[in-house]
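Each value in this text was obtained by applying a stated rule to the coordinates, not by laboratory testing. Note that the coordinates shown come from a computational prediction; the quantities given were computed from them, not determined experimentally.
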């Protein structure tokens, strides 16, 4: 039995060695390729923001998205002076014209950016909410199941007598 365990351990080490040598990606990425150039040149005004049709619920959603991106503001559904200052900082950080108002293209860019940030955080955690709940309940984690079986066998062999 010890020979089997040793052989499986060596096989696992050999199988994972390529992943350890892979290292970080060195390819460059152009993050602005899918962004319309008009986002960077069209000035936003109160009129362009009114065309978006933001009600209180949508304004609150935008405020929450800005906060998740690191631009802290209150999610009260009102675009007051504090929120306008946050929008201006967001525009400045993205090289948009700094007006404090959104145009439809900037609004869409903000929605896309916050959505991609949310998706990235789920990928960084490695598990979605459903997968984490299943794991807490002892769900289908094959590595954990295999480890439990091997541990039980080894414990049974070398356990107390």
Grab the Cα-Cα distance for residue 3 and residue 43, subtract it from 0.36 nm times how many residues apart they are, and report the gain in nm with one decimal.
7.3 nm
As a Kirkwood estimate from alpha-carbon pairs, segment 50-123 has a hydrodynamic radius in angstrom of 12.4
